[in-house]
Amino acid sequence: VQLQASGGGLVQTGDSLRLSCAASGTIFSLYNMAWYRQTPGQQREVVASISTNRNTNYADSVRGRFTISRDNAKKTVTLQMNSLKPEDTAVYYCNAEKLNIDYWGQGTLVTVSS
């Protein structure tokens, strides 16, 4: 599975940003998908996930502000981030999981200025 994340950038507090992850080399619909983020010195944490049957889960810190979705036909997973805060600043990683095997994209940097 190859994952290519895009959409990061520098925004201001309260702005919105949309991250996309394109998958290739696999039957996308068979994978649970997720977005993680990581800041320097911290462990990578799950931000949002969407299962093969489209059940979603969110970290408490982003619930109500972020929305994860998937398009199996286009083999993409998207993270819509609204009302961004400086604490959302991190490198965001796309994740695909099947049978407890994880695949990772290269990460995209999101910086939220105050």
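Without any contact (Cβ under 8 Å) to a residue 40 or more places away in the chain, more than 13 Å from residue 77 (Cβ to Cβ) and β-branched (Val, Ile, Thr): does that describe residue 50?
So residue 50 does not fit the description; no.
Any residue in region 97-108 that is aliphatic (A, V, I, L, M) and in contact with a strand residue (DSSP E or B) (Cβ under 6 Å, 6 or more places away or on another chain)?
No, that holds for no residue.
Test residue 45 against the stated conditions and say whether it is under 11 Å from the mean Cα position of the chain (by Cα) and exposed (fewer than 14 other Cβ atoms within 10 Å of the Cβ).
The answer is yes for residue 45.
For region 61-107, which positions are assigned to a strand (DSSP E or B), open to solvent by less than 20 Å² (accessible area, probe 1.4 Å) and touching a residue at least 60 places away in the same chain (Cβ under 8 Å)?
Passing the criteria: 78, 79, 81, 92, 94, 95, 96.
So the check is Cβ under 7 Å with 6+ separation or different chains; which pairs have a first residue in region 18-45 that's at positive phi and a second one that's in a strand (DSSP E or B)?
Taking only residues 6 or more apart or on different chains, the pairs are 25/2.
Across region 1-32, what is the number of residues that are part of a strand (DSSP E or B) and surrounded by 12 or more Cβ atoms within 10 Å (Cβ to Cβ)?
16
The values are calculated or read from the model by the stated rules, or taken from the named source; none is laboratory data. Just so we're clear, the structure is a prediction, and the values are computed from it rather than from any experiment. With ideal geometry, Cβ positions are generated from the backbone for all residues, glycine too; neighbour counts draw on all protein chains shown. Areas reflect the complete protein model, heavy atoms only, side chains present, ligands, DNA and RNA absent. Shrake-Rupley method; radii C 1.70, N 1.55, O 1.52, S 1.80 Å.
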